[in-house]
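The values are calculated or read from the model by the stated rules, or taken from the named source; none is laboratory data. This is a predicted model, so every value here is computed, not measured. Methodologically, a virtual Cβ is constructed for each residue, glycine included, from the backbone with ideal geometry; neighbour enumeration extends over all protein chains shown.
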Amino acid sequence: MFAQFLMCLLLVGIEADFYPGGWELVFRALQGNGESVFDAWKTESDNVKAFSEGCDKVYVHPGKHHFRSSLIDEWELLGIEQVKVELYKNKKIATYIVFNGTDSNMFNWFHQSRILTSSWSDLTVGATYNKFSIEGDMTRRFFINKQYGGCPNDLGWMSLLDPGKGHGCDWDTQDSYPAFLHSTDNTAVNWHLGTYDRADIMAIFIKHSN
Ligand SMILES: *[C@@H]1O[C@H](CO)[C@@H](O)[C@H](O)[C@H]1NC(C)=O
């Protein structure tokens, strides 16, 4: 216990946490805590709980709040080569996407033109999307959608539903927010038919070029 506490202090002190492969955790969002993921992502670190109580690890002492590294404010100075988004459920990776982070800013790295690999076989640079952005649409953040066809014909891959107004369809009306919806198929799903799951954590990692 005490050793773990010291470890946390050390990690918080150096504000860096490298995972195998050189990935560094810069953001971690928790489902259902009532806090906007979009606000946590975009707000300068002075104004958010930069560290939740405990380590900046995906699952060690996740606490109650989203975690945001102040590195996000220096995004364009970091020489970022790749950015990885992972959704977790019960401590397992449910889905992931790796983006080309070269010459990106803190918003535009999350775009179809930058996809390198993904757990979804049809999430490719050339696929058809009607939404693909961090800001998303209404309360649908980190939103990757294929088509709007009226609520019963909405197809997509990933939608992090923030608290607030604008939950217009059955599929984006959940019993707590934020809610991290993702297709459990190998491809996009029809949101209305419910072939999706709710993840409990979203983590974003960066990899530097040096
Ligand atoms: C990433 O994007 C840069 C700039 O467009 C490009 O030069 C580089 O080849 C890309 N990297 C990969 C792995 O596709």
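To keep it simple, each residue is scored yes or no on (1) surrounded by fewer than 16 Cβ atoms within 10 Å (Cβ to Cβ); (2) of a type outside the set (Gly, Ala, Ser); (3) at pLDDT 95 or above.
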residue	(1), (2), (3)
GLU35	no, yes, no
GLU53	yes, yes, no
LYS57	no, yes, no
GLU76	yes, yes, yes
ILE80	no, yes, yes
VAL85	no, yes, yes
VAL98	no, yes, yes
THR102	yes, yes, yes
ASN108	yes, yes, yes
Original post:
So, of the residues in segment 110-134 that are in a strand (DSSP E or B) and of a type outside the set (Phe, Trp, Tyr), which turns out to be surrounded by the most Cβ atoms within 10 Å (Cβ to Cβ)?
Top reply: ILE115
**OP:** For segment 72-89, name all the residues that are over 16 Å from the mean Cα position of the chain (by Cα) and within 28 Å of ARG198 (Cα to Cα).
**Re:** none
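Here are ILE93, ILE97: which of them is assigned to a strand (DSSP E or B) and either touching a Lys or Arg at 6+ places or on another chain (Cβ under 8 Å) or of a type in the set (Phe, Trp, Tyr) (or both)? Can you show your working first?
Values: ILE93 fails: either touching a Lys or Arg at 6+ places or on another chain (Cβ under 8 Å) or of a type in the set (Phe, Trp, Tyr) (or both).
Within the list ILE93, ILE97, the selection yields ILE97.
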Original post:
Among all residue pairs at least 6 apart or on different chains, which show Cβ distances below 9 Å where the first residue, located in segment 100-121, is within 14 Å of the ligand (Cβ to nearest atom) and the second is assigned to a strand (DSSP E or B) and of a type in the set (Gly, Ala, Ser)?
Top reply: ASN108/SER133; HIS111/SER133
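Any idea which residue in segment 162-191 is surrounded by the most Cβ atoms within 10 Å (Cβ to Cβ), counting only those that are polar (S, T, N, Q) and touching a residue at least 60 places away in the same chain (Cβ under 8 Å)?
Step one: of segment 162-191, the residues polar (S, T, N, Q) are 173-174, 176, 183-184, 186-187, 190.
With the extra rule that they be touching a residue at least 60 places away in the same chain (Cβ under 8 Å), the set shrinks to 176, 183-184, 186-187.
Values: SER176: 12, SER183: 26, THR184: 13, ASN186: 12, THR187: 14.
Filtering segment 162-191 for residues that are polar (S, T, N, Q) and touching a residue at least 60 places away in the same chain (Cβ under 8 Å), the one surrounded by the most Cβ atoms within 10 Å (Cβ to Cβ) comes out as SER183.
One line per residue, one yes/no per condition, for (1) of a type outside the set (Ser, Thr, Tyr); (2) closer than 22 Å to GLY32 by Cβ; (3) modelled with pLDDT under 95:
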| site | (1), (2), (3) |
| --- | --- |
| TYR148 | no, no, no |
| ASP162 | yes, yes, no |
| ASP170 | yes, yes, yes |
| ASP175 | yes, yes, yes |
